[in-house]
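Taken together, the values in this text are just the output of simple stated rules run on the coordinates, not laboratory data. Being a predicted model, the structure only gives us computed values, none of them experimental. Here Cβ is always computed from backbone atoms with ideal geometry, including for glycine, and neighbour counts include all displayed protein chains.
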Amino acid sequence: MALLNPATSLTRLLLFTGAAHLAVVQAQTVDEYQVKAAFLYNFAKFVEWPPGSFKSANDPIVVCVLGRSPFGELLDQSVKGKQIEGRKLVVREAPDVQECLACQLLFIAASERKRLPAILGFLKTGPVLTVGETANFAAAGGIINFKLDDGKVSLEINVHAAQRARLRISSKLLSLAKIVKDDQP
């Protein structure tokens, strides 16, 4: 999947940056999970998966939730009818960690906090964009972590974890986040 068409890069960046700014400024008045669902959709725009991540050119981008979903219908609504690089987005619940390898983007719910080291260890080198919302998620080897500071949603990104998963994250997305390092090999 190509990162972005240069002709539309600026437009998309402005839209994404505007959405990110809106998310930070209005997180107190807009439902937190509505903001996070919008971010998840936008993450898929700014990540490049390695060859072989999709079986065919028209396979969808699969967005999974592992654990007790805090989104309700919000995540389904945020991706309904949308496409990225000609791929539809579909949302699925992942009943167990083995199913997560079939996902391109995986939100690991806070309910999985105690199992997080085992989950991240299992997914460590698979081409899955792991996203969480628990303390030290990125430092523990997750790729993107949502942080809520004073009612504002911010991002942490572990670039080493993304490299291990063979994912390329656009510098445009990286510029919106705090870069976190881990001690994983």
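Once a ≥ b ≥ c are taken as the square roots of the eigenvalues of the Cα gyration tensor of the stretch 29-105, is the result rounded (a/c under 1.5), prolate (a/b larger than b/c) or oblate (a/b not larger than b/c)? Don't skip to the end; give the middle numbers.
Working: a/c = 2.08, a/b = 1.33, b/c = 1.57.
Here the stretch 29-105 falls in the oblate category.
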Item to check | Under 14 Å from the residue 111 label point (7 Å along Cα→beta-carbon), backbone N, the stretch 57-88 | outcome: 65-73
Checklist outcome for this item: For residue 163, placing the label point 7 angstrom along Cα-to-beta-carbon and taking the stretch 88-131, residues whose amide nitrogen sits under 15 Å are 125
Next on the checklist: Sort 41-50, 67-76 by the packing proxy (mean of other Cβ within 10 Å over each peptide's residues), most packed first.
Outcome noted: 41-50, 67-76
Checklist entry - Exposure proxy check: 61, 157 ranked by fewest other beta carbons within 10 Å? => result 157, 61
Checklist outcome for this item: Cβ density ranking, 10 Å radius, fewest first, applied to 56, 175, 154 yields 56, 175, 154
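What do you get when you divide the Cα radius of gyration of the stretch 6-180 by 2.2 N^0.38 Å, with N the number of residues? Can you show the working numbers first?
On the way: Rg = 14.9 Å, N = 175, 2.2 N^0.38 = 15.7 Å.
For the stretch 6-180, the normalised Cα radius of gyration comes out at 0.95.
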Checklist entry - In nanometres, what is the gap between the two model label sites at residue 77 and residue 135, each 7 Å from Cα along Cα-to-Cβ? => result 3.2
